[in-house]
1. Describe numerically, in nm with one decimal, the distance between label points set 7 Å from Cα along Cα→Cβ at residue B:104 and at residue A:70.
2. Just A:99, A:60, A:43 to compare: in a GNM of chain A, with alpha carbon springs under 10 Å, which one fluctuates most?
3. For chain A, find the longest principal axis of its Cα atoms and tell me its angle to the long axis of helix A:67-113, 0 to 90°, nearest 10.
4. Taking a ≥ b ≥ c as the square roots of the eigenvalues of the Cα gyration tensor of segment B:8-108, is the shape rounded (a/c under 1.5), prolate (a/b larger than b/c) or oblate?
5. Dividing the alpha-carbon radius of gyration of segment B:79-193 by 2.2 N^0.38 Å (N being the number of residues), what value is obtained?
6. How far is helix A:30-48 tilted, in degrees, relative to the longest principal axis of the Cα atoms in chain A, given as a value from 0 to 90 rounded to the nearest 10?
7. Based on other C-beta atoms within 10 Å, arrange B:112, A:92 from fewest to most.
8. If the chain between residue A:78 and residue A:11 were fully stretched, how many nm would it gain, using 0.36 nm times the residue separation less the Cα-Cα distance?
């Protein structure tokens, strides 16, 4: 029979290990790696030292301390999802503009390789 | 490149932009009609068609932009507007390639622009609006404060200022040439006017906005969120004393 502390330590260490593995294998880069590195450190610390939760509960004045990591974790997941959608919107904008520019440049190449030409005005240098 | 003799860019000419997806049966005749009626360059933006839209447009004498990914009606139109800005065209006229907009209407837009001096002229045909569209437009009129009769008409004339605004990054995440575009133009302080024109039922294809009830519902929800996000901008514009419609 496992004690609660050993169970939480196993979960924390496994999660932290998986994240570290992915970061080291370069599957997560830049700011994503930093974010997940923080998550790995937190799950490791809280898994191995669950008394930290009780201490945090006392510090923050929350009567039922075990709910604290759930609330904080859910909030962080929501923030992460929001950031994901912001990033996706930015990338969607870039893909659309790149697609448009690719078509425009391809048309100019065709025209320059073929018949007459009219020089293009300086563009806005955006994708 | 040095072998190609440079010419000055055309400053005050117009470009007719036609977004087209799988419109091979109609695009050639529409291009030919436009070229017959107007002394403007014609650009067909092929929105990743699976058929011979590009070939039909080229054969009819249009320049063609081929988008490697389907961007939707507005993405294709914006590609044409960016092309116009890059090439120095002073006016862009947009019309659908499916034959519902009569090329005979284009001189009407130009005449209205010359008369009113508006930055944007929308060709509308109120008679063709279905009951559902009338209700939808009434809702959008209340929500946006824009006093227009048809929000999705693809028959439009944009001047150089409008081309500048619509070429920007801010316009790139819009999906339709409709409320979002109009609010962007209105927020930039540009004047928008409408003129009645004759339209006919589509010869082929179907509306991308009014394709099915599910699409309409999604469209109305997206547009409502868009309007709510921009509502203070429109209010500011109105309280500044400018009527967004004239």
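Bear in mind that the values in this text are calculations on the coordinates, not laboratory data. Computed from a prediction, not measured in an experiment: that's the story for all the values here. Here the Cβ positions follow ideal geometry from the backbone for every residue, glycine too, while neighbour counts run over all protein chains shown.
1. Spacing of the two 7 Å Cα→Cβ label points: 7.2 nm.
2. A:99
3. Around 10 degrees separate the two axes.
4. Cα axes put segment B:8-108 in the oblate bin.
5. That ratio works out to 1.04.
6. 10 degrees
7. A:92, B:112
8. 22.0 nm
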